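Undergrad: Quick one: the structure is below, and I'll ask about it shortly.
The values are calculated or read from the model by the stated rules, or taken from the named source; none is laboratory data. The structure displayed is predicted, hence computed values, not measured ones. Methodologically, a virtual Cβ is constructed for each residue, glycine included, from the backbone with ideal geometry; neighbour enumeration extends over all protein chains shown. Surface areas here come from the heavy atoms of the whole protein model, side chains and all, with no ligands, DNA or RNA. Shrake-Rupley method; radii C 1.70, N 1.55, O 1.52, S 1.80 Å.
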Protein chains: 2
Amino acid sequence: MPTKVERLLINFRTLEEFKKFKAYGIQELSMLEDLENNMVENNSESPFYGIYYGDELVARMSLYRADAKYDYYFEPKQDYLQLWKLEVLNSFRNRGFGKQLVDFAKSFNLPIKTNARINSHGFWEKQGFQPATYEMERDFGENPFIWLPEGVQEKSED
Amino acid sequence: MPTKVERLLINFRTLEEFKKFKAYGIQELSMLEDLENNMVENNSESPFYGIYYGDELVARMSLYRADAKYDYYFEPKQDYLQLWKLEVLNSFRNRGFGKQLVDFAKSFNLPIKTNARINSHGFWEKQGFQPATYEMERDFGENPFIWLPEGVQEKSED
């Protein structure tokens, strides 16, 4: 079955699907609360993109375009994509859904920064990401991995 | 056996002990590389604090005092502590070591911010932490939990 990456709208169905993912946290709880209190409209745009397999959301990620003024990773300093909560449901792993989401993110041709979960370093390297040089006051508990489109470098250390 | 929280020095022994912890990542690899290349001195100070039980490091956390100008969580705006990589080795859980580390962090009487791992929300609430109001462009994939000493509040939303 061919699958496609689609932008997920904020509604009760999406939020119900989100409960199946491990990284369900304060972000999701806050979206649910905002929806229940009519602080966001049903079917508003979300930062989440996902892949449906039939009726079921089987993979998702969040993407956000950060402004160049917050760029502490790349050279030249520029807009870049924050990617987080990339996750494929257990029984749908090893079918290329993770790669499909990452390729979608790369298609914007902006540098990408993510925080790799422990034990996922191999996955990110296979997708062409590299570990960023760790800087404590920037990264704290993160494992920053970056992807560089042509013509972009990691910024050199201060 | 009474235990105490101590500041961990960067040396090969500490880094060997760190390998037992799940959250061993780019930060630890970078410390190891710096030590091997003599870019940091043996026994330099680290941001890590830990508890030894006999000869074995059984719990650790990182603490860093962030300057007030980077404070986007508290009111009044002030220096605060970033706490990350709090972890107790599996076979030493439920003996109060996690609480002992958190109490140590609280003893500075500064507000504290941490990124709670999924399934650890109950632990943080038991330690008197509360979930911060989620703000996407600040928190991305984090589950920010904060602790407020007397006289400090969560900053109100912009």
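Undergrad: Please work out whether region B:30-72 counts as rounded, prolate or oblate from its C-alpha gyration tensor, where a ≥ b ≥ c are the square roots of the eigenvalues and a/c under 1.5 means rounded, while otherwise a/b larger than b/c means prolate and anything else oblate?
TA: oblate
Undergrad: Would you kindly calculate the translational diffusion coefficient of region A:1-52, applying Stokes-Einstein with the Kirkwood radius from alpha carbon pairs, for 25 °C and a viscosity of 0.890 mPa s, and quote it in µm² s⁻¹ without decimals?
TA: In µm²/s, the coefficient is 213.
Undergrad: With a 1.4 Å probe, how much accessible area is buried between chains A and B, both sides summed, in Å² to the nearest hundred?
TA: Chains A and B together bury approximately 2000 Å².
Undergrad: Can you give me the angle between helix B:26-36 and the longest principal axis of chain B, using Cα atoms only, in degrees from 0 to 90, rounded to the nearest 10?
TA: The helix B:26-36 is inclined about 40 degrees to chain B.
Undergrad: Mind giving me the nanometre distance, one decimal, between the label points for residue A:77 and residue B:53, set 7 Å out from Cα along Cα→Cβ?
TA: It is 4.8 nm.
Undergrad: Just to confirm my numbers, what's the Cα centroid distance between region B:55-80 and region B:4-39 in Å?
TA: So the separation of the two Cα centres works out to 19 Å.
Undergrad: Now for a separate question. Could you give the angle, 0 to 90 degrees to the nearest 10, between helix B:97-106's Cα long axis and the longest principal axis of the Cα atoms of chain B?
TA: 60 degrees
Undergrad: Now, a different point. Comparing the chain by itself with all protein chains present, which residues of region B:6-48 are at least 40 Å² less accessible (probe 1.4 Å)?
TA: B:26, B:27
Undergrad: Something else: Let me spell out the model: positive unit charges on the Cβ of Lys and Arg, negative unit charges on the Cβ of Asp and Glu, origin at the Cα centre of the protein assembly as shown. What dipole size does that give, in debye rounded to 20?
TA: Once rounded to the nearest 20, the dipole reads 1080 debye.
Undergrad: Within 10 Å, at most 10 other Cβ atoms, and a DSSP state outside H, G, I, E, B define an exposed site. Report the longest part of chain B free of exposed GluC sites (Glu not before Pro).
TA: Result, exposed sites excluded: B:1-149.
Undergrad: Which one, A:91, A:143, A:112, is farthest towards the positive end of the dipole of the protein assembly as shown when Lys and Arg carry +1 and Asp and Glu -1 on their Cβ?
TA: Projecting each Cα onto the dipole axis, the largest value belongs to A:91.
Undergrad: Same structure again: Tell me, what is the FRET efficiency for residue B:64 and residue B:109 to the nearest 0.05, using R0 = 25 angstrom and their Cβ-Cβ distance as r?
TA: 0.95
Undergrad: Can you list the distances in nanometres, one decimal and ascending, from the residue A:153 label point to the identical position in each other copy, with the point 7 Å along Cα to Cβ?
TA: Reported distances to equivalent positions: 4.9 nm.
Undergrad: Give me a comma-separated list of calculated 3J(HN,Hα) values for region A:86-93, in order, Karplus coefficients 6.51, -1.76, 1.60 applied at θ = phi - 60°, integers in Hz, x for any Gly or Pro.
TA: Rounded to whole hertz, the list is 6, 7, 10, 4, 2, 7, 10, 6.
Undergrad: As an exercise, identify the chymotrypsin sites (Phe, Trp or Tyr not before Pro) in region A:94-135 lying in DSSP coil whose Cβ has no more than 14 other Cβ atoms within 10 Å.
TA: A:108
Undergrad: Still on this model: Would you work out which of A:156, A:134, A:122 lies farthest towards the positive end of the dipole of region A:37-158? Charges go on Cβ: Lys and Arg +1, Asp and Glu -1.
TA: It is A:122, whose Cα lies furthest towards the positive end.
Undergrad: Could you state the accessible area per residue of region A:1-144 in Å², with a 1.4 Å probe and every protein chain left in place?
TA: Per-residue accessible area for region A:1-144 comes out at 51 Å².
Undergrad: Additional query: Using +1 on the beta carbon of Lys and Arg, -1 on that of Asp and Glu, and nothing else charged, what's the dipole of chain A about the Cα centre, debye to 20?
TA: 660 debye
Undergrad: Okay, moving on. Would you kindly work out the equivalent ellipsoid of region B:3-146 from its C-alpha gyration tensor and give its semi-axes, the square roots of five times the eigenvalues, largest first in whole Å?
TA: Result for region B:3-146: semi-axes of 26, 19, 14 Å.
Undergrad: Share of chain B's accessible area from carbon and sulfur, percent, 1.4 Å?
TA: Answer for chain B is 47 percent, counting heavy atoms of protein chains only.
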